[in-house]
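Some notes on the structure that comes next.
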Amino acid sequence: MDERLRADHDRRVNLVAAQVRELAGSRAAAHVDKGGVHHVVPLPAGDRRFAGRRIDVSALRHVLEVDVERRRCVAEPGVTFRDLVDATLPHGLAPAVVPELEGITVGGAVAGCALESASFRYGGFHDTCLEYEIVSGTGEIITCSPEREPLLFGMVHGSYGTLGVLTKLSFGLIPAKAKIHVEYERYGDADAFHHALLGQCADATVDFIDGIVHAPDHWTLCLGRFVETARRPSSYRWLDVYYKSTRVLREDVLTTRDYFFRYDTEAHWLSRTVPPLEWKPVRFLVGNVFLGSTNMIRWAGRLAPVFRWQRRPDVVCDYFIPAARVPEFYDWYLRELGYFPLWVVPYRVAKPYPWISDEHQARLEGDLFVDLAVYGMPNADPRIDRSEQLEEKTYELGGIKTLISRNHYTEDRFWRIYNEANYRTAKARLDPNGVFRDLYEKLHRVG
């Protein structure tokens, strides 16, 4: 790493550590403020997840090194995947897992959950990480890796900013070509689709796998491969809508950068909650103001006071189901919910995660999961809370959900899923004075 870049980084980290030490002395609760937008689901009734005094880490947004020979990158946590891809693609390299929204940061991808269509091979983005630098709740600067304080290294993933401040990450890169060819296979029912998805996960020639369920009889499997081609690529940055194209096209070519962020313009399909945003004349005139996940999140924040009357927000959450139990989920989902589109992403876990309890780990069947991502399901029926219904079904099937939205767990159920002993051990090492609220306190019963 360039010595100037290293010195500048160390200076920024020391400023963060000084903030934390001040808070530790006052014993005031705090939260990490990265600047920009938060990629968690906005809640109309107010959001206590970011209550308390702020620790400003907004200066930590630099790519520090791209090591082409070793295929490694070192970056600060506030680097967005948009900027990261722009830094690595000119070298013919890319992160192995690039989350679909441009504004997601590498730190957020580790502290929360980040996956995409390469996850059938690589798991989550955190699974490609090699080392973390963390400012603890006492202001100590700690480095951890699978070899050096491995429990801390494993527990940072999914900690949602409750253990310390991530200040630097080192992670692997993979070779990347200029474009990606996408093939769309269509199936008329869940069984045929699921069988095909499992078969493709074993195909070494496929680089990317995801799926979109458009209707009970319209299941699209999307298979991507890096290619070198002179063919003019499609663009879904402005006038055309990507998810709709998967319903009608048999194949397509996108630049690698546009493929990585193909869902960003619509924030998957959340743009359809305001139907004119999918009309070409409207997109032509005001697309730059309203389209794109970052714009949409900002507008959601601005409009939050208007929707305070809303009983519940729409369901936006990822549900990871063991591959062997997915057919049961499909049967139930089609019968009870029937909301479409449904995003389907296979996800392979290379080794057990230490933040999952031993009890729940025993219920996880095999190393392949399928993320069933429900984005935008209306949840206004006063008779039943769809968010709670999905959470309960996921637990019944031995799965696990992300904590970015509303959570309904009792404390007993929560710690049946999450490994309380490992979390307490990591908390005692990183945040013995409780500068950061603990995981259950911060995220349970949200909304």
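Of the set (1) among the aliphatic types (A, V, I, L, M); (2) assigned to a strand (DSSP E or B); (3) more than 24 Å from the chain's Cα centre (by Cα), all apply to residue 169 but (3). In the stretch 348-372, the residues that are polar (S, T, N, Q) form Cβ pairs under 6 Å with partners that are loosely packed, with under 15 Cβ neighbours inside 10 Å and at pLDDT below 95, at six or more places apart or across chains, as follows: 361/352.
Within the stretch 319-349, the only residue that satisfies the criterion of being in a helix (DSSP H, G or I) and more than 17 Å from residue 191 (Cβ to Cβ) is 336. Just one residue in the set 285, 198, 249, 221 is more than 22 Å from residue 93 (Cα to Cα) and either buried (at least 19 other Cβ atoms within 10 Å of the Cβ) or of a type outside the set (A, V, I, L, M, F, W, C) (or both); that residue is 221. Summed over the stretch 52-71, residues that are surrounded by fewer than 16 Cβ atoms within 10 Å (Cβ to Cβ) and among the aliphatic types (A, V, I, L, M) total 1.
In the stretch 171-195, the residue that is surrounded by the fewest Cβ atoms within 10 Å (Cβ to Cβ) out of those that are in contact with a strand residue (DSSP E or B) (Cβ under 6 Å, 6 or more places away or on another chain) and of a type in the set (Asp, Glu) is 183.
Among residues of the stretch 158-171 that are touching a residue at least 60 places away in the same chain (Cβ under 8 Å) and over 13 Å from residue 137 (Cα atoms), those with a beta-carbon under 7 Å from a residue that is aromatic (Phe, Trp, Tyr) and not in a strand (DSSP E or B) at least six positions away or on a different chain give the pairs 158/355. State yes or no: is residue 421 exposed (fewer than 15 other Cβ atoms within 10 Å of the Cβ), at pLDDT 95 or above, among the small types (Gly, Ala, Ser) and on the phi < 0 side of the Ramachandran plot? The answer is yes for residue 421. If you go through the stretch 169-186 and keep only what is over 24 Å from residue 234 (Cα atoms) and in contact with a helix residue (DSSP H, G or I) (Cβ under 7 Å, 6 or more places away or on another chain), you end up with 169, 171, 172, 173. Looking only at residues in the stretch 342-385 that are among the basic types (Lys, Arg) and touching an Asp or Glu at 6+ places or on another chain (Cβ under 9 Å), which one is surrounded by the most Cβ atoms within 10 Å (Cβ to Cβ)? The extreme case among them is 348.
Among the residues making up the stretch 111-127, those that are surrounded by 23 or more Cβ atoms within 10 Å (Cβ to Cβ) and of a type in the set (Ser, Thr, Tyr) are 117, 119. Being more than 26 Å from residue 368 (Cβ to Cβ), part of a strand (DSSP E or B) and β-branched (Val, Ile, Thr) is a property that residue 253 has.
For the stretch 261-282, residues that are part of a helix (DSSP H, G or I) and out of contact with any helix residue (DSSP H, G or I) (no Cβ under 7 Å at 6 or more places or on another chain) total 4. Between 404, 400, the distinction of being under 25 Å from residue 213 (Cβ atoms), in contact with a His (Cβ under 8 Å, 6 or more places away or on another chain) and surrounded by 22 or more Cβ atoms within 10 Å (Cβ to Cβ) belongs to 400 only. How many of the residues in the stretch 394-407 are within 20 Å of the chain's Cα centre (by Cα) and part of a loop (DSSP other than H, G, I, E, B)? Here the count works out to 7. Filtered by the rule that a residue be among the charged types (D, E, K, R) and either modelled with pLDDT under 95 or within 12 Å of residue 224 (Cβ to Cβ) (or both), the stretch 241-257 gives 251, 252.
The values are calculated or read from the model by the stated rules, or taken from the named source; none is laboratory data. None of these values were measured; they are calculated from a predicted model. Neighbour counts run over all protein chains shown; Cβ positions are idealised from the backbone, glycine included.
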